[in-house]
1. So for segment 27-87, what percent of the C-alpha to C-alpha distances run longer than 16 Å?
2. Build a GNM of the chain with springs between Cα atoms under 10 Å: which of 79, 107, 71 gets the top mean-square fluctuation?
3. So for segment 1-110, taking the charge dipole from beta-carbon charges (+1 Lys/Arg, -1 Asp/Glu), which of 95, 84, 25 sits furthest toward the positive end?
4. Would you mind calculating the relative contact order of segment 39-87 from Cα pairs under 8 angstrom and at least 6 residues apart, reporting the percent as a whole number?
5. As a test of the formula, what do you get for the chain when each DSSP H run with n ≥ 4 contributes -39,500 (n - 2.57) and the sum is divided by the residue count, at 222 nm and rounded to the nearest 500 deg cm²/dmol?
6. With viscosity set to 1.567 mPa s at 4 °C, what whole-number translational diffusion coefficient in µm²/s follows for segment 40-127 from Stokes-Einstein and a Kirkwood radius over Cα pairs?
7. Which value in nm describes the separation of the simple spin-label points at residue 110 and residue 94, placed 7 Å from the Cα toward the beta carbon?
8. Please report, in debye to the nearest 20, how large the charge dipole of segment 1-104 is about its Cα centre when each Lys and Arg carries +1 at its beta carbon and each Asp and Glu carries -1 there.
Amino acid sequence: MPLARLRSHPVALAAALTLLALAGLALAAPLIESALGLDAGAVSLFERFAAPSPAHPLGTDELGRDVLARLLEGGRVSLFVGVTAALTAALLGTAVGLPAGYFGGRLDALLMRLTDGVIALLFRSADRAGGGVAGEARARRHRCRRPRPRPH
């Protein structure tokens, strides 16, 4: 059923296939690097900012490292972080939700208020972290306002 639904939406199917291809490339990074003779950490100052070539399909960066190899390694790290975060959230959610659902009542209310508090703290810290950007834009917007004429 879900596959038939996905096939009926060509854009969603293209996106799913693209994500699968990128995940496959990231997981196969060691094989691809060894097949192409690439090393993500190898520094070669003589090959700084090299243009794409057969030796370096996407060129090199400021330290002469192969960009393709670094992209593949970065993809592996990103997949690991994403999967770890999702599994951790699932485990913690299950650990809190099971007793709350099974026992209910006051324990449920307590655990839900605890969860609400943790979520509020996370949003508060994210708000503080982004406050420099948003705060500066807000201050700039207030400085640019024309003063309103006061009625006499």
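Readers should treat all values here as calculations from the given coordinates under stated rules, not as data from a laboratory. In this text, all values refer to a predicted model and were calculated from it rather than measured experimentally. All Cβ positions, glycine included, derive from the backbone under ideal geometry; neighbour counts span all protein chains shown.
1. Numbers: 823 of 1830 pairs.
Roughly 45 percent, once rounded to a whole number.
2. Among 79, 107, 71, the largest mean-square fluctuation in the Gaussian network model of the chain belongs to 107.
3. Sorting the options by dipole projection puts first 95.
4. Working: 63 pairs, mean separation 15.7, N = 49.
Normalised by residue count, the contact order of segment 39-87 is 32 percent.
5. Values: 5 runs with 108 residues, N = 152.
-24500 deg cm²/dmol, from helical runs alone.
6. The calculation lands on 77 µm²/s.
7. My value for the distance between the label points is 2.4 nm.
8. Working: 6 positive and 7 negative charges, 102 e Å.
Once rounded to the nearest 20, the dipole reads 500 debye.
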